Amino acid sequence: MSGLVVHSARKVDADGLVDDFWFVADDGVIIATGTGIGWHAAAQGPGRDVVDAGGHWLTPGFIDLHCHGGGGHPFDDGPEEMLEALATHRAHGTTRSLVSHVANPLASLRESLSIVADLVAVDPLILGSHLEGPFLAPSRRGAHDGAFLRDPGPEMVEELIGAARGTMRVATIAPELPNALESIGVLIEAGVVVSVGHTDADYDQAARAFEVGARMLGHAFNAMNGIHHRAPGPIIAAFENPDVTLELIVDGLHVHPKVAKLAFTAAPGRVALVTDAMAAAGAHDGDYRLGGLNVTVRDGLAVLSGTSTIAGSTLTQDVALRNAVTLVGLDPVHAVAALTHTPAHALGEDHRLGRLHAGYAADAVILDHDWTVRRVFADGVPSADPHCTPARFRMRYSFCQAGLFAYAYR
């Protein structure tokens, strides 16, 4: 893997804003940072790719904890569709992703979890799986097919954990369901971060789930009870618990910007921007599928066909960042942290991801002053140009005799 030097940047990450910033990376890891002309000596080394950021924003690579597809491709239609969707999001700055699974028959979920495990084995940019369905409240199912929802049970949970072969990173569960708390314990024991979501839980039920170890709130404000002056609900329970990370979809449609600002104020450093994107993200309006359900996208709003029920988003993380700064009014440091350091911390990866610092992965995004992505680097390697077709940069795969995947960049 060749070396990388990026210089003359306006760096912004969870550590703050620094002008005339540079970093040097070898073998996908940042080995030195500084300001001014200190990068000149490193640039003389053999095989260095030297990039002049031209005073533009430089952020760590974005992390998405919650995504279902993009570029016209859903995650639940097999490995090639997953790769195409991931290529779209990588072109928009998301260098590390979880693959989220909607409610499906258990056999289909096992297969999807196994496919992601195979992908993780050869592609470190895929962080693992997020099992969003099937342990959700029917009354709050949103765009999940009600026919495939189930009450959780330890044996069923263990079966799905086994299919993921150590790559299930997050699982969503409605804590008011029968056996939910016991199942949360099984997930935590397996090293899975439990997210409370798609739930009819009240404040006490959500608080109890957080007390026993749940550590996230899935797409806060959506598919759950809101804040009422006599019924505070799960959002207040998440605000109160300093160990809980709150996912937030900042597309201007799922959550009003003023409400989004409330979340950042009430839970500073604990809000993670997510896309919850479906196949139309980075693509175009039209008709799509999400799991077993039909979705119609008009003017960028995805709804279950024939209804007003929102079915994921068409968001990419670069747009989420721009919205956080321009619509919500966040300081850039806090906005960038919400899609870099905060999600990395939620996954226990903040020792190597989410900062532009020596010892961290060389994942970086150069953006114009209006927060438009210009260059993306993942593991120190240039990724796709967002203005080109993602197919140019997608990974292709083939089965080898061992039954694993072999990949090569086109």
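Each reported figure results from applying straightforward, stated rules to the coordinates on display, with no laboratory input. Please read all numbers here as calculations on a predicted model, not as lab measurements. All Cβ positions, glycine included, derive from the backbone under ideal geometry; neighbour counts span all protein chains shown.
Numbers below:
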| read-out | value |
| --- | --- |
| Percent of Cα pairs exceeding the 42 Å cut-off, where the set is the chain | 9 |
| Sorted by Cβ density within 10 Å, fewest first, the residues R355, R289, R96 | R289, R355, R96 |
| Ordering of 142-153, 78-89 by packing [mean C-beta count within 10 Å, highest first] | 78-89, 142-153 |
| Ellipsoid equivalent to the stretch 38-78 - semi-axes via the Cα gyration tensor, in Å | 36, 14, 10 |
| Computed lengthening from R374 to R110, 0.36 nm per intervening residue step minus Cα-Cα distance | 91.3 nm |
| For the stretch 62-346, with +1 on Lys and Arg beta carbons and -1 on Asp and Glu, the positive-most of S313, A180, L327 along the dipole | L327 |
| Chain lengthening between T307 and E240 when straightened (0.36 nm per residue, less Cα-Cα) | 20.7 nm |
| The chain: relative contact order in percent, alpha carbon pairs under 8 Å with at least 6 residues between | 20 |
| R298 paired with A43, simple spin-label distance in nm, labels 7 Å along Cα-to-beta-carbon | 5.3 |
| For the stretch 130-284, size of Cβ-based charge dipole, Lys and Arg +1, Asp and Glu -1, in debye | 540 |
| Stretchable slack from A121 to E189, in nm (0.36 nm times residue separation minus alpha-carbon distance) | 22.3 nm |
